[in-house]
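The values are calculated or read from the model by the stated rules, or taken from the named source; none is laboratory data. Note that this is a predicted model, so its numbers are computed, not measured. Cβ coordinates were reconstructed from backbone atoms using ideal geometry, including for glycine residues, and neighbour counts include every protein chain displayed. Surface accessibility is based on the protein's heavy atoms, side chains included, excluding ligands, DNA and RNA. Shrake-Rupley method; radii C 1.70, N 1.55, O 1.52, S 1.80 Å.
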Amino acid sequence: MRVTFVVNGEQRHADDVWPGESLLFTLRERLGLPGTKNACEQGECGSCTVLLDGLPVCACLVAAPQAMGRDVVTVEGLAAPGTDGADKGLDPVQQAFIDAGAVQCGFCTPGLVVTVADLLRRVPHPSEAQTREALAGNLCRCTGYEKILDAVRLAETRMGQS
Ligand code: FES
Ligand code: FES
């Protein structure tokens with residue numbers, strides 16, 4: 001079947017999708033968007049987090065046909081060129097992860113970046129408890145999470161200044 005949806009602001013379609021295919025597979029293997037990572041494929045780790053109609057979901061748990069006609073934003077979309085084609089550069093959350101040293105192997109990073117971008121859009125100044133709760137579904141195998149929390153605070157500060 002053909003699935004038509006908006007991905008990172010562009011109308012896209014994927015062909016030959018089977019009804020049980022995950023949105024994660026479709027994004028990575030059919031639409032050439034490998035930023036969304038497959039680490040567990042069981043909804044346990046959050047590495048595959050994308051925004052579906054503005055809400056964070058595990059793309060490995062969403063059947064691609066469920067995204068028909070809906071709006072999907074992946075980690076690539078946070079830094080996508082503007083409608084005028086101009087490069088927007090990195091999203092402040094992406095830059096903060098780099099600057100705070102919150103990236104080690106990087107496998108969890110795309111999911112965390114999408115989750116943090118969503119958190120700071122909803123709650124511009126989250127408490128530490130709110131941040132930890134928001135990140136509870138995103139597992140990192142490398143860091144002790146302190147650098148990740150530093151990145152959230154750095155992004156919060158920078159976004160508050162812009
Ligand atoms: S790959 Fe989807 S939650 Fe781990
Ligand atoms: S940086 Fe390696 S899993 Fe998080």
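Summary of computed values
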item	result
Test: residue in region 1-11 that is open to solvent by 10 Å² or more (accessible area, probe 1.4 Å), out of contact with any His (no Cβ under 8 Å at 6 or more places or on another chain), within 15 Å of ligand 1 (Cβ to nearest atom) and more than 16 Å from Leu112 (Cβ to Cβ)	no
Residue in region 13-42 that is surrounded by the most Cβ atoms within 10 Å (Cβ to Cβ), counting only those that are within 13 Å of ligand 1 (Cβ to nearest atom) and more than 21 Å from Gly106 (Cβ to Cβ)	Leu23
Residue in region 103-114 that is farthest from Glu44 (Cα to Cα), counting only those that are within 13 Å of ligand 2 (Cβ to nearest atom) and crowded, with 24+ Cβ neighbours inside 10 Å	Val113
Selection count, region 51-62, where residues are more than 10 Å from ligand 1 (Cβ to nearest atom) and aliphatic (A, V, I, L, M)	3
Where Val72 falls short, out of the listed (1) surrounded by 20 or more Cβ atoms within 10 Å (Cβ to Cβ); (2) away from ligand 1 (no atom under 16 Å from the Cβ); (3) over 24 Å from Cys105 (Cα atoms)	(2)
Checking Leu149 against (1) within 16 Å of ligand 2 (Cβ to nearest atom); (2) more than 13 Å from the chain's Cα centre (by Cα); (3) touching a residue at least 40 places away in the same chain (Cβ under 8 Å), the condition it does not meet	(3)
Qualifying residue in region 75-96 (condition: away from ligand 2 (no atom under 16 Å from the Cβ), in contact with a helix residue (DSSP H, G or I) (Cβ under 8 Å, 6 or more places away or on another chain) and closer than 23 Å to Ala14 by Cβ)	yes
Tally of residues being over 24 Å from Pro34 (Cβ atoms) and in a loop (DSSP other than H, G, I, E, B) across region 107-145	8
Unmet requirement for Ala64, which otherwise passes all of (1) open to solvent by less than 20 Å² (accessible area, probe 1.4 Å); (2) more than 20 Å from Leu23 (Cβ to Cβ)	(2)
